[in-house]
Amino acid sequence: MAIQEIKKYDFQDAFSLQLVAFEKACVVNKPTQINDYKIFWIKEGKGIYNIDFQQYEFDGNVLFFLSPGQVFTVDSEKIKEAYQLSFTRDFYCIQTHDAEIACNGLLFNNVYETPFVTPSEKDTKRLSFILENLIEEFENQETAQYDMLQSFLKQFIIYSVRVKKEFDVVKEDSETKLFRDFSLLVEQNFRKLHSVTDYANRLGVSPKSLTKHFQKIGTQTPSDFIKNRILTEAKRQLLYSSDAVKHIAFDLGFNDPAYFSRFFTKATGASPAQFKKQQKG
């Protein structure tokens, strides 16, 4: 977030809350890779952000959620009031949470659909109350502070999930389950498995059935889904590693670096070297 920090509360470099506010428009063209889990609550403001090379525009009261590894760029923003919660995996994710509020639940680790949550006036009051409790806990530094801070963070995430589910179109459980199982498999295996058949076999369905399912829920094809995940990782590595293109190709499961370059160029309109040069300016 390219805005000035007004106040920051920090707990052992594992969990922090920043209060930010100003009305000056600004642009940050240099992509930044996210290191920790982050929740941005733009309570009042507007802007255009790029997250994993996809553009998102917002105006008004909105929350969004980023996971380690994602690439974040500010095209423009004009923020009057905002908050940033940042936490490490060890602070929150080691706990066994309900699937929807975990670090691989509805809000985080979702490179396929950045979840924006738009709270109502009632939701805003509830989330503000939780933040007030967080700030009070940061300032008091009483016994068992870790447990209290984690509890308030969990409350904030739970309430955000409820808001998201209330206003989003919720698909039937069977539809959601197959899609999420597929996306989880892709996340775990995209570096070595590139074909729809590989994933369909592991899910116990035919490739044709999997494709029809994706058509039914109105999302991209399984093939495009896999391809786009590989491309996202390729872009990240081109920007944030010093590895040669051929090493990135091997890491992503391509035996032939030349084929990887053709794959990347066809999908993005730029060769790996050109993409890196364009992004770094």
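The values are calculated or read from the model by the stated rules, or taken from the named source; none is laboratory data. Remember, predicted model here, so these are calculated numbers, not experimental data. Virtual Cβ from ideal backbone geometry, glycine too; neighbours counted across all protein chains shown.
Here is a yes/no grid of residues against (1) surrounded by 15 or more Cβ atoms within 10 Å (Cβ to Cβ); (2) in the same structural domain as D198 (by TED's automatic domain parsing); (3) of a type outside the set (G, A, S); (4) within 20 Å of V71 (Cα to Cα):
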| residue | (1), (2), (3), (4) |
| --- | --- |
| I230 | yes, yes, yes, yes |
| K235 | yes, yes, yes, yes |
| S241 | no, yes, no, yes |
| A244 | no, yes, no, yes |
| A249 | yes, yes, no, yes |
| D256 | no, yes, yes, no |
| F260 | yes, yes, yes, no |
| K266 | no, yes, yes, no |
| A270 | no, yes, no, yes |
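With the structure loaded, tell me whether Q188 is under 23 Å from the mean Cα position of the chain (by Cα) and surrounded by fewer than 14 Cβ atoms within 10 Å (Cβ to Cβ) or whether it fails that test. Criteria met by Q188. Residues of the stretch 196-210 that are in a loop (DSSP other than H, G, I, E, B) and without any contact (Cβ under 8 Å) to a residue 24 or more places away in the chain: G204, S206.
Restricting to the stretch 116-139, give me the number of residues that are over 15 Å from S16 (Cα atoms) and part of a helix (DSSP H, G or I). So that I can check it myself, show each step before the final result.
Going through the stretch 116-139, the residues over 15 Å from S16 (Cα atoms) turn out to be 116-129.
Next, from what is left, pick out any that are part of a helix (DSSP H, G or I): 121-129.
Summing the residues that are over 15 Å from S16 (Cα atoms) and part of a helix (DSSP H, G or I) in the stretch 116-139 gives 9.
Can A200 be described as of a type in the set (A, V, I, L, M) and within 29 Å of K276 (Cα to Cα)? Outline the logic, then answer.
Numbers: of a type in the set (A, V, I, L, M): yes; within 29 Å of K276 (Cα to Cα): no.
Considered against the rule, which asks whether it is of a type in the set (A, V, I, L, M) and within 29 Å of K276 (Cα to Cα), A200 comes out as no.
Only a single criterion out of (1) under 25 Å from the mean Cα position of the chain (by Cα); (2) closer than 23 Å to Q33 by Cα is not satisfied by Q274, namely (1). Among the residues of the stretch 39-57, those that are of a type in the set (A, V, I, L, M, F, W, C) and either out of contact with any Ser or Thr (no Cβ under 9 Å at 6 or more places or on another chain) or under 18 Å from L127 (Cα atoms) (or both) comprise I39, F40, W41, I42.
Conditions tested, residue by residue: (1) in contact with a helix residue (DSSP H, G or I) (Cβ under 7 Å, 6 or more places away or on another chain); (2) of a type outside the set (G, A, S); (3) within 30 Å of K30 (Cβ to Cβ).
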| position | (1), (2), (3) |
| --- | --- |
| L203 | yes, yes, no |
| K212 | no, yes, no |
| T232 | no, yes, yes |
| Q237 | yes, yes, yes |
| S242 | no, no, yes |
| F260 | yes, yes, yes |
| A267 | yes, no, yes |
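Applying the criterion of at least 1 residues that are in contact (Cβ under 8 Å) with a residue 60 or more places away in the chain, under 26 Å from F182 (Cα atoms) and of a type in the set (V, I, T) to the helices (runs of 4 or more DSSP H) found wholly in the stretch 211-281 leaves 222-240. Checking each residue in the stretch 29-59 for being charged (D, E, K, R) and either assigned to a strand (DSSP E or B) or exposed (fewer than 15 other Cβ atoms within 10 Å of the Cβ) (or both) picks out K30, K38, K43, E44, K46, E57, D59. Pairs meeting the criteria (first residue in the stretch 159-183 and more than 24 Å from G204 (Cβ to Cβ) and surrounded by 13 or more Cβ atoms within 10 Å (Cβ to Cβ), second residue among the β-branched types (V, I, T) and at pLDDT below 80, beta carbons under 9 Å, at least 6 apart or on different chains) are S160/I101; V161/I101. So in the stretch 60-79, with the set limited to residues that are under 23 Å from L231 (Cβ atoms) and not in a strand (DSSP E or B), which one is nearest to the chain's Cα centre (by Cα)? In this case the residue turns out to be S67.
If you check K80, K154, which single one turns out to be modelled with pLDDT of 85 or more, surrounded by fewer than 17 Cβ atoms within 10 Å (Cβ to Cβ), over 30 Å from E233 (Cα atoms) and among the basic types (K, R)? Quick ask: steps written out before the conclusion?
Working: K154 fails: over 30 Å from E233 (Cα atoms).
Result: K80 is the single residue among K80, K154 that is modelled with pLDDT of 85 or more, surrounded by fewer than 17 Cβ atoms within 10 Å (Cβ to Cβ), over 30 Å from E233 (Cα atoms) and among the basic types (K, R).
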